[in-house]
Every structure is written in structure tokens, then in C-alpha cells.
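Below is one structure, written out as C-alpha cells; the observations come after it.
Here, each number is a calculation from the coordinates, and none is a lab measurement. Treat the numbers as computed from the prediction; the structure is a model and nothing was measured. With ideal geometry, Cβ positions are generated from the backbone for all residues, glycine too; neighbour counts draw on all protein chains shown.
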Amino acid sequence: MLQVQGIDTYYGPIQALENVCIEIGDREIVSIIGANGAGKSTLMKTLIGLCHPAKGTITFNGKRIETLPANKVVREGIVYVPEGRKILANMSVSDNLEMGAYSRKITRTQMQKDLESVYEIFPRLKEREKQLGGTLSGGEQQMLAIGRGLMADPKLLMLDEPSMGLAPIIVEEMFQTIKNISDDRKLPILLVEQNAFVALGISERCYVLENGKIALSGTSQELRESPEVKKSYLGG
Ligand code: ATP
């Protein structure tokens, strides 16, 4: 579904990604782990058209997209869910969700149907439908961010650090829900995480990004057993 081949991305003279190659198959959950500054956000920004690679190609469903601007990438079906606190704090939960569908031309009936399907996944959001986004707990804001992403009807969902700032018990629930969404909707998910433990728990395959380069890759099982990953990312 997505093939990234040999991309280099720069900020002016600073090279943030070097020869990055990744692949995501249909229905797969793939994770990218790496420390602060490894280049995870830059990779996401490059995939959604907010940064353009100086070299390399990005092919999505057979179409080259590396030169497309972000609004066109969304229309191709790649939807980016930033870390949960980026929801619109002064808008209600339902308005936040409807914002997710802005790039689609859908009827009110379809909008209502899609809202209900998000509320089925996250009943807590239904209970808080009229509440302002900013008044939600951290976990609920993360649900809202994911729900808003689903309202865009993605073909590939990219999640940026969904565990950030959440208590371990909430993280566990959140990741189970993410897995269910992928299974039920047959939706491939690319997950970027500093929390290697949860990322490896949910994904089929994983890439380790270090200093802008893919340092390791394999099935999550292989990486869980790798001495390097154990030492650097799983606390020994
Ligand atoms: P974090 O988990 O802290 O967000 P990250 O893995 O997402 O880290 P990036 O934010 O992609 O890492 O940063 C990769 C490299 O690019 C870092 O060396 C960073 O300093 C540099 N960088 C990121 N954004 C910019 C920018 N706007 N201008 C210049 N350099 C940048």
C-alpha cells in the first residue's frame, strides 16, 4: 500500500532523514520507534506532504505522492492524527469530529452515520458530545483526535505518539482500541512511538529510527528479542 524508497529530508542545511525506506502492507499495523530527535516527526511530515524529500520516492496505492502538498495527500487517503492535545479546545466534541470530515463532500445523513460509528468505538465521546474539547481528560482528548482522523475516512491512518502523557492503564485500553479499529475496518496503521513496549505489542512489524536512518527493522517479535532493542528501548 505504501512504499517509501530512499528518502532524504532536510531543514535548510540540516539533514533530518537519510535514505529511509519503509513499507506498509494492506491491513498491517507498522510502528516506528526512536528516541527524541531521531526523525520520527520529520518522517510523518514527509509522508503527509508537509516536508518534501530532496531525494527518494513515496508511492501510495501505486501513485507517486512525494511532491504533493498536504491537502492533496489527505485526499489520497493518508490521514495524520497528531498527539492528542492538538484537538480544538474551544470547540465541542461533535464539532471537532465534524472538522475531521471537512475534506469530504458528504451529506448530513452520512455525517451523522459516521459520527455514530465513531461514538460506537468511543462511547465516552458520545457522553461528552456537547462538551468543549479542552475540558476532556488526556485519554478522552486522544480518543477525540483518533475519532477526528476516522471521520476523514482514511485508507491509511498515521498516529503520532498516541501514548504520550497517558497513564499506563489508559495506554493499554487505547492500544487495544487501536488494534480493534485496524481489524474491524481492515485499516492499515502507521504508528510512531517513543514507548517501544506498547508499539511492539500492537504492531506486526517495526522500524527503529536512529539519527535519521533506519537502524533496524523486522517483525515486532524479532525486535523484542533483539539485544540492541532490549538495551536501548525496552529498559534492558
Ligand atoms: P521528538 O520525539 O522529540 O519529536 P523526532 O524523532 O520526531 O523527535 P524530529 O522532530 O523529526 O525528531 O527531528 C529530527 C532532527 O531534525 C532533529 O535533529 C531536529 O533537531 C531536526 N529538526 C526538526 N525540526 C526542525 C526544524 N524545523 N528546523 C531545523 N531542524 C529541525
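Evaluated at q = 0.16, 0.21, 0.24, 0.26 Å⁻¹, a Debye calculation over the C-alpha positions of the range 164-236 (equal weights, vacuum) places log10 I(q)/I(0) at -0.61, -0.99, -1.18, -1.28.
With all pairs of separate Cα atoms included, the range 123-193 yields a Kirkwood hydrodynamic radius of 12.7 Å.
Calculated from the alpha-carbon coordinates, the chain shows an Rg and a Dmax of 17.4, 53 Å respectively. Close Lys pairs in the range 53-178 (alpha-carbon distance under 19 Å; sequence gap of 8 or more, or different chains): 11. Among beta bridges from DSSP that stay inside the chain, the antiparallel ones total about 55%. Between residue 76 and residue 57, residue separation times 0.36 nm minus the direct Cα-Cα distance comes to 5.3 nm. Helices in the chain, meaning DSSP H runs of at least 4 residues, each add -39500 (n - 2.57). Divided by all residues, the mean residue ellipticity at 222 nm is -11500 deg cm²/dmol.
Looking at the range 80-171, the pairs of alpha carbons with a distance over 24 Å make up 12% of the total. Under 5 Å from the amide H of residue 210 lie the amide H atoms of 215, each residue being 5 or more positions distant or on a separate chain, with H modelled from the backbone and absent for Pro and chain starts. Spin-label model, residue 130 to residue 173: label points 7 Å out along the Cα-to-beta-carbon direction sit 2.4 nm apart.
Find the eigenvalues of the gyration tensor of the Cα atoms of the range 2-96, then list the square roots of 5 times those eigenvalues as equivalent ellipsoid semi-axes, largest first, in whole angstrom.
24, 17, 14
Build a GNM of the chain with springs between Cα atoms under 10 Å: which of 135, 109, 57 gets the top mean-square fluctuation? Residue with maximal mean-square fluctuation among 135, 109, 57: 109.
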